[in-house]
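Working notes for the structure below.
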Amino acid sequence: MSQSPELASDTQQIVACTISRDVQNFDLLIEDMETALGEAWGDLSFDDAIAFLEQPDASSLQFVTVAMDAEDEDNLVLISQIIATAKEANIKVIVIAEDLSPAALHQLLRQGGDEFVPYPLPENELAAAIERVLIKRNTPEPEAPKSTKITGNRSGLVIPVHGLAGGTGASTLAVNLAWELANVDKKNPQQVCLLDFDFQFGTASTYLDLPRREAVLELLTDTVSMDSESFMQAMLSFEEKLSVLTSPMDMIPLDMITPEDITRVIEMAKAHFDYVIIDMPSTMVEWSQVVLEMSHIYYATIELDMRSAQNTLRLKRALQSEDLPFEKIRFVLNRAPGFADMNGKSRVKRLGESLGILIETLLPDGGKQVAQSADHGSPLAISANKNALRKEIAKLAKSIYDVVQSDAAEARN
């Protein structure tokens, strides 16, 4: 059984507290807190929390867990004040929510919540969250690497990459296309950034062996106050040639980020880079329309199978029914048939005709080297320079670059 901080004995230091309307509504939280901390934790109500957190006795607290459900949404102002008070006292905050709306959760995390855990608690998830906040408490935020010279007066080309079925190589294409564009002109290096908008399962950081940082979520949830400095500080540099905004450290709801947030991030990226590559989630969300409308080319990766065909048809119907720019989409067939596979080429042609689409780009199967490259955290150009898939992505990057340069030359004339 938990005890209140005020009644804690001198021999049993309280290092954490639960804060809720009634902790008995969260029996799994009680069990997990006792498993993780024994008797070294207490319980506070929302009404008492601020008063206690402002007392000297709260100095021993390392973190608090703020637990709430749908009934508590009317008390968001008070709960936000509690989180702010904890942060002022250098106390980490774990937000535990059951049936809370994305907007409410968004507000609380913006206020300073360090971790989010859904309720009912997944097995061992609270223990993992506690471990992460204690590491964060004792580890300073790593400094952002020095960025290349950015003028902030560019008008970058926005190129999202969207997988229409799992495993169609969207992230592989996004990462390698970004790297190839960053190296397409040795004499006149292009400024390229990669934005990982798959906020739940984004893998750009893994494919490039980059750490995930708290600064990413802080940026995404407070884009109103974002400026060039905070935007660049949230990004990481790969080999001093490619700037990357990784997905957040922890899984967050896709609709927690608003269309307005996405618009601001893309506009900022366009102003600082020549090319803005976006790795999209496979799920269509409210802000997907924003990305499509702001894009110059929208790559959709598919394979030669029924699931890709069905999903392509669904996407086509959805966009055309809403009068959205379906014509921006360029279909990329991954693991395409080889040059001598006439039967396979015939299947590709029939697929395009049956769906009423043009499959413009065919990418070959890169084999085991693709997975190995991703696991080692390096682009194919570095780890497997002669790989067939790498060569085709390099050709695609060069074709994009040539078109941009040609258009720029015509505009000057």
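Please report, ordered by residue number, the helices (runs of 4 or more DSSP H) entirely within the range 124-223 with at least 3 residues that are surrounded by 16 or more Cβ atoms within 10 Å (Cβ to Cβ), at pLDDT 85 or above and in the same structural domain as Ser295 (by TED's automatic domain parsing). Quick ask: steps written out before the conclusion?
Numbers: elements: 125-138, 170-182, 204-207, 214-220.
Here the list reads 170-182, 204-207, 214-220.
When Ile83 is tested against (1) β-branched (Val, Ile, Thr); (2) within 29 Å of Glu286 (Cβ to Cβ); (3) in contact (Cβ under 8 Å) with a residue 40 or more places away in the chain, just one condition goes unmet, and that condition is (3).
The residue list Val216, Val265, Val244, Val224 contains one member that is more than 22 Å from Arg154 (Cα to Cα) and touching a helix residue (DSSP H, G or I) at 6+ places or on another chain (Cβ under 8 Å), which is Val216.
Only a single item in (1) acidic (Asp, Glu); (2) surrounded by 15 or more Cβ atoms within 10 Å (Cβ to Cβ); (3) over 19 Å from His106 (Cα atoms) is not met by Asp47, and it is number (2).
Considering the range 257-283, and only residues there that are of a type in the set (Gly, Ala, Ser) and assigned to a helix (DSSP H, G or I), the residue that is modelled with the highest pLDDT turns out to be Ala269. Filtering the range 16-43 to residues that are outside any helix (DSSP H, G or I), in contact with a Phe, Trp or Tyr (Cβ under 8 Å, 6 or more places away or on another chain) and not aromatic (Phe, Trp, Tyr) leaves Ala16, Cys17, Thr18, Ile19, Ser20, Arg21.
Sort out which residues of the range 44-74 are charged (D, E, K, R), assigned to a helix (DSSP H, G or I) and under 33 Å from the mean Cα position of the chain (by Cα), and write them in order of number.
The answer is Glu71, Asp72, Glu73, Asp74.
Give the range 225-256 a look and list any residue that's of a type in the set (A, V, I, L, M, F, W, C) and either in a loop (DSSP other than H, G, I, E, B) or surrounded by fewer than 16 Cβ atoms within 10 Å (Cβ to Cβ) (or both), or say none. The answer is Met226, Met235, Met249, Met251, Ile252.
Checked across the range 287-304, the condition of being within 30 Å of Lys345 (Cα to Cα), more than 17 Å from the chain's Cα centre (by Cα) and charged (D, E, K, R) holds for at least one residue. Screening Gln55 against (1) of a type outside the set (Asp, Glu); (2) over 25 Å from Ile257 (Cβ atoms); (3) in contact with a Ser or Thr (Cβ under 7 Å, 6 or more places away or on another chain) leaves a single unmet condition, (3).
With Gln62, Gln111 as the choices, which residue is within 23 Å of Glu31 (Cβ to Cβ) and polar (S, T, N, Q)?
Working: Gln111 fails: within 23 Å of Glu31 (Cβ to Cβ).
Only one candidate passes the filter, namely Gln62.
Summed over the range 21-63, residues that are β-branched (Val, Ile, Thr) and under 21 Å from Val77 (Cα atoms) total 2.
The values are calculated or read from the model by the stated rules, or taken from the named source; none is laboratory data. Keep in mind it's a predicted model, so treat the numbers as computed, not measured. All Cβ positions, glycine included, derive from the backbone under ideal geometry; neighbour counts span all protein chains shown.
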